Amino acid sequence: SVTGVSDVIGQTEGTLFAEFTPSSNENTEVLQLLATNSIQNVVTIACGAGKIYGVVYTNSSYVANFSISQTIPNNTFKVALCYKNNDITFFINGQKVASNTNAYSGQADFTKILFNDQFLFGKQSVSYKKTLIFKSKLSDADCITLTT
């Protein structure tokens, strides 16, 4: 058991991983970390509209907004999104597909973990095989292995 979500979520750095199969091309947040006030801190893996998204949003602006074209319905994806100040990386099916060195400092602590939610995008049916949350940012090599 945990006494609070901060026991399982890295507040200043971390990694989200999801292995999932979407059933349609409708936009959906697959796995999301969220602060109580959603404009203060959001990290999410999402899919739909022919893309897989990796989003880091804080202080009312995007730190990262990765959008990678993929054939969505009925295909399985292994996706990792890593966040840390000046080091944000995004992996899909064994490949590093995006990164940036933007400054990241969440305005508020994460208080929620959401699955298959409608917040920034929409909502569809997603079949999950595995989800993981790491309190630290994994190395590129570890993320490639994890998503292969």
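The values are calculated or read from the model by the stated rules, or taken from the named source; none is laboratory data. On a predicted model such as this, the values are computed, not experimentally measured, just so you know. Virtual Cβ from ideal backbone geometry, glycine too; neighbours counted across all protein chains shown. Surface accessibility is based on the protein's heavy atoms, side chains included, excluding ligands, DNA and RNA. Shrake-Rupley method; radii C 1.70, N 1.55, O 1.52, S 1.80 Å.
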Response to the item:
The residue from A103, A64 that alone is of a type in the set (G, A, S) and in a strand (DSSP E or B) is A64
Response to the item:
Flagged in region 127-141 as closer than 15 Å to Y83 by Cβ and not in a loop (DSSP other than H, G, I, E, B), in numbering order, are L132, I133, F134, D140
Item to complete: For S125, work out the one condition from (1) at pLDDT below 95; (2) closer than 18 Å to I9 by Cα; (3) polar (S, T, N, Q); (4) exposed (fewer than 14 other Cβ atoms within 10 Å of the Cβ) it doesn't fulfil.
Response: (2)
Discussion item. Looking at I88, I92 in this structure, which one is at pLDDT 95 or above, over 15 Å from A46 (Cα atoms), out of contact with any Leu (no Cβ under 6 Å at 6 or more places or on another chain) and surrounded by 16 or more Cβ atoms within 10 Å (Cβ to Cβ)?
Written reply: I88
Worksheet item: Is it the case that some residue within region 17-40 is touching a Leu at 6+ places or on another chain (Cβ under 7 Å) and modelled with pLDDT of 95 or more?
Response: yes
Worksheet entry | Which numbered condition C47 misses (of (1) in a loop (DSSP other than H, G, I, E, B); (2) in contact with a Pro (Cβ under 6 Å, 6 or more places away or on another chain)) | (1)
Worksheet item: In this structure, is A80 within 21 Å of Q124 (Cα to Cα), open to solvent by less than 10 Å² (accessible area, probe 1.4 Å), touching a helix residue (DSSP H, G or I) at 6+ places or on another chain (Cβ under 9 Å) and assigned to a strand (DSSP E or B)?
Response: yes
Worksheet item: Got at least one residue in region 65-73 being open to solvent by 40 Å² or more (accessible area, probe 1.4 Å) and over 18 Å from P22 (Cα atoms)?
Response: yes
Worksheet item: What are the pairs, 6+ residues apart or on separate chains, where a residue within region 1-12 that is open to solvent by 90 Å² or more (accessible area, probe 1.4 Å) has its Cβ under 8 Å from a residue that is at pLDDT 75 or above and charged (D, E, K, R)?
Response: T12/K84
Worksheet item: Out of all the residues in region 37-55, which are within 15 Å of V97 (Cβ to Cβ) and hydrophobic (A, V, I, L, M, F, W, C)?
Response: I45, A46, C47, I52, V55
Practice prompt. Could you check, for region 103-121, whether at least one of its residues is among the polar types (S, T, N, Q), in contact with a Phe, Trp or Tyr (Cβ under 9 Å, 6 or more places away or on another chain) and modelled with pLDDT of 95 or more?
Written response: no
